[in-house]
Structure formats: C-alpha cells, structure tokens
C-alpha cells in the first residue's frame, strides 16, 4: 500500500513557497489511521528541514506508548527540542477513552511562551474534573505495575494487528498497512471501485453505511472521515472489540508465542474481530458477484438483493 509519510524534500519545497509566513508542521507519530511509525532517521531528516526553514512542529504523540516495540519509538521533542511542542494524554496509552486529560511539553527555553499559555488556560478553560486529575496522578507514576500493563497491552495490540493485517490481506486486491503501533490499520478497497459503483455505492460514507446493515453488521471509518477524498474507498479498521479485562488476564495466564497460539488467542479472545473481518470478506464477495445493491430512501439506507 502506497502510504506517503512526510518527505523532507517535499516539506522544504512547501516551506519555500510559504516564504516568510509562519510555518507549523503537525506531525502525528505513531500515526492514526495507518499505525505507522517514523523512525529516528526519518525524524532527523524532517528536523533538519524544520531548522533550516524555521518550522515549528506540533508533535502529536498520543499513541507513543502503544508502539509494539517501544525501543523503536523516538519523540520529535528529543530530535528537535528547540522547535517542538509535544502533545500527549491518557486516553490511548492507558485505555481511558473517557478520561480526556492531555498535556503539552514546550520547546526548550520557551519560558515566556509558557507564561502566556498559562494566562490563556486560566481564563479560557475550566479545570479537568477532579476524579480524572486523581486518576492521572496514579497513571503518570513510574511503577512495575504500569510497566507490566504497557508491556501486556502492547503485546495484545500486536497480536490483534498481525491477525487483522493477515486476514484482510487475504482478500484479493486489498492493500493494508502493517502497523508498528496503535490499534488501527488503513485498508484500501479501491480495487473494488467499479463493482461498488455498479451497486450504487459511490462514496466511502456509503461503503461504511453498507457494511453496517444486515447481514454484515460491521463498523468501519470511511476515508472521507479521515480527510481523504469522498470517492476514496479506504477505511480505518480498529481491532479492539473485545473484553479488555478478560483478554488481559488470558494473556498474563498464557502468553501466546507461536503463530498457532496467537491465532488461537485471537479466536478465543476476540471472536467479534474474527467475525467482523469475515463479514468484510463476505461483503466484497457479494459486491464482486453483483448480488447486492445500495438503495437510498428519504430517511434511511439499506442493502437489498439484486
């Protein structure tokens, strides 16, 4: 799958076109929706351009702790400390989706800027709720318990990632990213564009709706929600539909090592993920066989046999 990362020469050309205007690069690493990671060399090459062209970096590292091999993660704040704002939070790494507490690490020597931000925060925003603040204090502590938690959850995410990547790759023509982190991947279904259009499915939104209805009952996030073209039949696939506490304990009790053990682990621990991928396969089989079509009513959408 041709997924474009930021290319230093492209970044330089864009910066030169902007001339003396303020230049800010928003870097999402690891990346949502692809699950891909920028390595140290890639970050160093981007940082060289940023220094040369006076580009400020906003480095969104909310998925950092989900990097399967955490030794490979490098923060842009380490590479380009004088020009990088690093943002992060609890919601992804600590599986605390409702606990919306984030933080920002300012560039080196940006003390005056910190003071100005404090003024804005004090006057424009209300405080994070007290229970979340107490949870964060515990969540940010360095402990063996949390180290174990991160190690186990990374292992679980990686097993689910490998299964999802392999299973989707078996669908002829589909291109799928191979994640280094997160709990998402990006699948490219554009090979089926002619067949989807025959079924009157012209946009990624309609593709998402079509997979939601009977008999498929499978949710994906279509490309238009990912700032891709409306007619780009790509989608983000998440692989976390399971009982987290149960799966965590199963992993602790019997960590799967071989390919066969990992496959059995997914089938036993995450049957909805297995079923969802099977439904995606079934959907595209039906599309290829021209056995379904998309019908649009004033208030609802549905699939009907052709």
Can you compute the label reach from residue 105? Point 7 Å from Cα along the Cβ direction, backbone N cut-off under 18 Å, restricted to region 134-167. 137, 139-143, 147
So what's the gap between the Cα centers of region 133-176 and region 84-102, to the nearest angstrom? 15
Bins of 10 Å, starting at 0 and running to the largest distance - Cα pair percent for region 103-211: 10, 21, 22, 22, 20, 6
Cut-off 19 Å, label point 7 angstrom out along Cα-to-Cβ of residue 290: give me the residues of region 202-236 whose amide nitrogen falls inside. 202
When the chain is treated as a Gaussian network with springs between alpha carbons less than 10 Å apart, the largest mean-square fluctuation among 35, 222, 139 is found at 139
For region 44-72 and region 205-254, what is the centre-to-centre distance using only Cα atoms, to the nearest Å? 27
FRET efficiency for residue 142 and residue 44, using Cβ-Cβ distance with R0 set to 25 Å, rounded to 0.05: 0.35
Report the far tail of the P(r) of region 148-306, meaning the percent of Cα-Cα pairs longer than 23 Å. 40
Provide 103, 242 in ascending order of the number of other Cβ atoms located within 10 Å of each residue's Cβ, fewest first. 103, 242
Bridge type composition, the chain - antiparallel percent by DSSP, nearest 5: 65
Cβ-based exposure ranking for 104, 247, 137, 213, in which fewest neighbours within 10 Å come first: 137, 104, 213, 247
What is the list of residues in region 64-108 whose amide nitrogen lies under 16 Å from a point 7 angstrom out from the Cα of residue 255, following Cα to Cβ? 68-71
Shape descriptors of the chain over alpha-carbon atoms, Rg and Dmax in angstrom, are 21.9, 66
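Rule-based calculations on the coordinates, nothing more; no lab input. Owing to the predicted nature of the structure, the values given are computational and were not obtained by experimental measurement. Methodologically, a virtual Cβ is constructed for each residue, glycine included, from the backbone with ideal geometry; neighbour enumeration extends over all protein chains shown.
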